[in-house]
Structure formats: C-alpha cells, structure tokens
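So the structure is just underneath, and the comments pick up after that.
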Amino acid sequence: MSEHSVIVGAGHGAAQLCASLRSEGWSGPITLIGEEPVLPYHRPPLSKTNLNPSGEHAPPLIRPDSFYVSKEITVLTNARVDAIDRARKLVRVGARDIAYDKLALCLGSVHIQPPIEGIDGARVFHLRTEAECTAIRSRVRPGARAVIIGGGFIGLEVAASLRRLGLEITVLERAPRVLSRVTSPEMSAFFEQLHRQEGVRLFCDTLVERITENGDVLEVWSKGSSESHKADFVVLGAGAAPNDALARSCGLDVDSGIVVNEYNQTSDPDIYALGDCCTQFRPLYQRRIRLESVQNALDQAKTVAASLNGKNTPHDAVPWFWSDQYEVKLQMVGLSDGFNRMVVRGSPEASQSFSLWYFRDGKLIAVDAVNDSAAYACAMKCMKTGLSPDPGHVGDEQMPIKEILRLTQENQHA
Amino acid sequence: MATITFITPDEETVVVRDAEGTLMSVGVANNVKGIDGDCGGVCSCATCHVQVDPAWMDKVGAASENEMGLLELEDEVSEFSRLGCQVRITSELDGLVVRVVGR
C-alpha cells in the first residue's frame with residue numbers, strides 16, 4: 001500500500017520537501033496544503049526587488065506549476081489546517097478531513113506584535129507574504145515618509161529598498177544597536193553607518209510606545225520623547241516567533257518551537273517539522289537552535305525526505321545567511337554567538353569589502369563577509385570540514401584567500 | 001528565447017526549447033539535476049555552477065568578481081565556470097550547451 005505524505009505550509013521548506021521526497025523515491029501520494037492563494041514562492045525578494053512599483057511585482061515561484069503536475073503532487077491553496085487528530089491521523093481543513101500516513105509541519109514563523117498602542121492601524125504593515133508586500137508597494141512614491149520599527153534584517157532591507165526608491169526613511173530600534181541578535185557590534189556599526197550615509201534617520205535605544213493618526217499623517221511616539229516621528233505609513237520588523245500553535249494544540253512537544261530530533265521528527269514518530277517553526281539540538285553548537293532562514297528550511301527538508309524514505313541521516317548542515325542592502329552583499333556562515341576572539345580582514349572604514357572571523361577557543365565558529373564572497377566561500381569550506389584557519393593568516397590582507405584555505409587544509413593533513 | 005542543452009553530472013542530456021529567464025531558473029523549472037538555485041538567483045549560494053562550452057564563452061561572458069569569489073574555491077572551477085543565475089538567456093545564446101557541475 002502506498003503511503004500518503006501530507007505537507008502543511010507552503011514556504012521554501014515545503015517546496016523543497018516535495019522535490020526531495022520524489023527524488024529520494026517516495027511513490028505514494030503527496031498533498032501540499034498552504035494558506036496563501038499561490039504556489040510556494042521565493043520570499044527574500046519581498047523586502048527588496050518586489051517593493052519597486054516599476055519592477056517585477058510577483059515574487060518568482062520556487063517551482064513552476066508544471067513541476068507539481070508532473071510529480072503528481074496535489075496542491076491545496078487558500079487552505080488552512082485548523083486541527084490535527086493524531087489518534088486518527090487526520091488533518092482538518094475547514095469542513096474536510098484529510099488522512100495522512102506521514103505529516104510534515106512546515107509552518108514557518110509569525111511576526112511578533114510588540115505592545116504598541118495603535119499598531120493595528122490600516123497603514124501599519126508587516127512583511128511576510130506577497131499580499132503584505134503588495135500593500136506596502138501601493139504606498140511607495142518618491143518623497144513619501146516611512147517609519148520602520150525594528151532594525152533587524154527585514155527592517156534594514158526594507159529601509160534600503162525604500163530609500164533607493166526615493167522615500168524618506170526613519171528606522172527605530174529598541175536595542176542599543178541594529179542586527180544585535182545576529183551579529184557582532186562591529187558589523188552592526190558598519191550597517192548603522194551605511195544607512196546613515198544613505199540618508200536614513202536611524203535611532204537605536206528607542207522603544208516605540210504608540211502610533212497616533214493626525215489627519216493623513218501617522219505619528220510614531222517613542223518612550224521618553226516629546227517629539228513624534230511623522231510618517232505616511234509604518235512597517236513593522238520587530239522579529240518573529242515560531243508558528244507552533246497547531247503543534248501545541250495537538251499535544252506535540254513544543255518549547256519555543258516544535259521540538260524535533262536530529263531527523264526532524266517530532267515527539268510523534270509519524271509527524272516531522274522543519275524550518276522556522278522547529279527547534280533542534282545541534283552538536284556543532286551544543287545547544288538547541290531555532291533558525292529563521294531559507295537555507296535551514298531547505299536542508300531540514302532534505303533531512304525529512306531522506307528519513308521518510310528510510311535513509312536516516314542526521315541534520316548537521318552549517319547555517320548560512322545573506323542580506324542585500326544598497327550595493328552591499330552580506331554573507332554569513334555559522335553562528336557567531338559565544339565567540340571569544342574576532343579577527344578583522346580588511347577595513348570596514350576604508351572600503352565596503354571586508355570580513356569578520358569569529359573564533360571560540362581557537363575554533364572558527366562563524367564568518368560575516370561584506371562584498372567578499374571569496375572569504376565567505378573559504379569560511380564555508382573550513383566549517384563544513386571542521387577546520388579552523390590560523391587567525392594570523394586571516395588577518396593578513398596580503399595573503400590571498402586561496403592560500404589561507406590551502407594552508408589550513410595542509411595543516412590538517414600534516 | 002533560446003534552446004539550451006544541459007548535461008547533468010550523471011551524463012543525462014536535457015534539452016530545453018523556448019527557454020526564458022536565467023540558466024538557473026530554466027534548470028530548476030525543468031528539474032535539471034545539480035541546479036538547485038537555493039538563494040533564488042542573487043549570487044549568494046553557488047548551487048547552480050555550470051561549465052560553459054568553450055565555444056560559447058565569448059557570447060556568455062566571464063563571471064563578475066563577486067561570482068568568481070563564490071566559484072574560485074570550488075573543486076571543479078575553470079575559466080569556463082559560471083553561476084547559472086548570473087547568465088540571462090537571450091536569443092544570442094540559442095544553441096548553448098552547458099555542463100552542470102552539481103555537488
């Protein structure tokens with residue numbers, strides 16, 4: 001009897017799981033259930049090219065319609081799973097029950113709604129879906145004023161994109177620095193300077209308390225300030241939380257994310273979870289980690305596909321991320337949290353091409369590279385094989401990246 | 001629009017007619033093995049590495065500095081290496097043959 005795989009959610013991980021299940025040999029029916037009206041699409045352009053009214057409006061599909069047809073994958077759009085009945089192995093979609101043999105939860109994350117008075121106003125936008133991107137784009141015109149709450153990746157990417165389109169931008173960050181959750185103070189300082197040079201008004205240590213309407217103008221008020229920031233619209237980028245309510249309500253283990261083992265299996269052996277919604281112990285970092293990234297969703301989908309086809313291989317991919325702002329490409333590999341030595345290669349002040357190498361007790365744990373894809377590629381090679389370059393070599397800008405990698409590999413074999 | 005031929009790492013030949021977009025997007029749309037395009041085509045991941053038939057290199061052009069940075073440490077890099085996402089298909093490229101490197 002051929003088993004039925006049901007995939008709940010339609011993001012990057014879900015689309016990858018469809019492809020990997022088939023390429024690994026899954027012959028039973030596959031059903032993909034997504035809440036949005038479209039097939040899985042690329043989300044990173046939502047904060048970049050898709051905001052441009054004269055550019056491409058629809059984000060590109062991850063796979064074309066013909067892929068789902070040819071691979072015999074049933075796609076339900078505009079469909080929301082309301083409940084999971086684990087005892088009878090059913091998912092409830094509206095009035096309909098769909099039976100599963102194996103279930104994969106690819107639920108993603110939900111935006112955090114900070115306690116701000118007036119946050120539910122019509123001109124306060126989030127950015128997670130194509131529909132939300134469309135709503136922001138309809139407000140884009142040169143000279144319009146936007147206040148962005150939150151200086152994380154989404155907030156800063158939106159700031160850069162809208163600034164390039166001629167808008168007046170203010171970014172308000174609660175923490176003492178931007179990107180504080182994901183990188184070092186040195187990299188934060190680089191991005192703060194970059195945005196200020198581009199004419200963005202950027203304020204850290206700024207806690208927004210309320211948003212009021214004054215005719216056509218929105219006024220954004222922060223704690224301890226008697227002056228408001230005026231805006232035509234507001235974009236919220238205040239972080240995300242795992243979308244784990246569905247899992248919690250059916251009794252799966254949930255702890256700041258759906259808890260999964262190294263095969264991305266939940267506490268119910270017939271249910272798997274992957275991507276932003278799940279949390280997993282990672283031997284490389286010796287702790288449980290939940291990541292919000294395309295790469296993590298893709299790699300965990302490959303892990304689930306292998307497991308469902310009887311080829312258990314633990315997930316141990318090295319995390320990587322990227323962010324495009326103005327002409328700057330940031331590429332990150334590993335997680336820098338917990339480093340006790342940082343080596344700067346190049347000069348953040350003198351050029352827009354440099355990299356920060358993070359070591360913990362002599363071991364390379366992460367690299368953030370700005371407009372230096374060779375440094376990023378070298379770091380990726382090292383981390384995938386557990387090698388650590390000599391910090392002295394890394395800091396010597398005259399030593400080519402290729403040479404650093406060669407010496408690191410040679411040292412390993414010596 | 002152009003006809004593009006991909007040769008996969010397991011020597012399968014995939015011929016795509018009326019191809020539009022980039023070598024990466026066409027490869028993904030046609031399930032060409034070894035073309036993943038994980039980053040969606042913004043030159044961030046190197047999962048669409050191809051070797052261009054040397055006869056076509058003039059028309060395809062060489063890799064940019066950022067693209068070369070991602071490619072230069074790959075084991076199978078050569079002067080004919082490109083990232084598929086950075087090669088936009090035009091009628092000039094009708095008949096192009098590329099070898100997919102994969103990983």
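Any read-out appearing in this document is the output of simple, stated calculations on the displayed coordinates, not a laboratory observation. From a predicted model like this one, the values you see are computed outputs, not experimental measurements. Note that each Cβ is placed from the backbone with ideal geometry, even for glycine, and that neighbours are counted across all protein chains shown.
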### Message
Given the condition free of Cβ contacts under 8 Å to residues at least 24 places away in the same chain, surrounded by fewer than 18 Cβ atoms within 10 Å (Cβ to Cβ) and not in a loop (DSSP other than H, G, I, E, B), answer yes or no: does some residue in the stretch B:22-41 qualify?
### Response
no
### Task
Hey, could you check the stretch A:43-68 for residues that are in a loop (DSSP other than H, G, I, E, B) and of a type in the set (A, V, I, L, M, F, W, C) and say which is surrounded by the most Cβ atoms within 10 Å (Cβ to Cβ)?
A:62
### Query
Any residue in the stretch B:59-78 that is of a type in the set (Ser, Thr, Tyr), more than 10 Å from chain A (Cβ to nearest Cβ) and part of a strand (DSSP E or B)?
no
### Matching residues, the stretch A:346-364, being surrounded by fewer than 21 Cβ atoms within 10 Å (Cβ to Cβ) and in contact with a helix residue (DSSP H, G or I) (Cβ under 7 Å, 6 or more places away or on another chain)
A:348, A:359
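Residue-wise test of (1) outside any loop (DSSP other than H, G, I, E, B); (2) aliphatic (A, V, I, L, M); (3) under 21 Å from residue A:7 (Cα atoms).
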residue	(1), (2), (3)
A:268	no, no, yes
A:288	yes, no, no
A:301	yes, yes, yes
A:329	yes, no, no
A:338	no, no, no
### Task
Search the stretch B:15-40 for residues being of a type in the set (Gly, Ala, Ser) and out of contact with any Ser or Thr (no Cβ under 8 Å at 6 or more places or on another chain), and hand back the single one that is nearest to the other protein chains (Cβ to nearest Cβ).
B:40
### Message
So if I check each of A:107, A:162, A:90, A:167, which one is in contact with a strand residue (DSSP E or B) (Cβ under 6 Å, 6 or more places away or on another chain) and over 30 Å from residue A:227 (Cβ atoms)?
### Response
A:90
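Matching residues to (1) surrounded by 16 or more Cβ atoms within 10 Å (Cβ to Cβ); (2) more than 19 Å from residue A:329 (Cβ to Cβ); (3) within 9 Å of chain B (Cβ to nearest Cβ):
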position: A:366; (1), (2), (3): yes, no, no
position: A:372; (1), (2), (3): yes, no, yes
position: A:376; (1), (2), (3): yes, no, yes
position: A:382; (1), (2), (3): yes, yes, no
position: A:385; (1), (2), (3): no, yes, no
position: A:388; (1), (2), (3): yes, yes, no
position: A:392; (1), (2), (3): no, yes, no
position: A:395; (1), (2), (3): no, yes, no
position: A:398; (1), (2), (3): no, yes, no
### Task
For residues that are within 9 Å of chain A (Cβ to nearest Cβ) and without any contact (Cβ under 8 Å) to a residue 24 or more places away in the chain, tally how many sit in the stretch B:46-58.
0
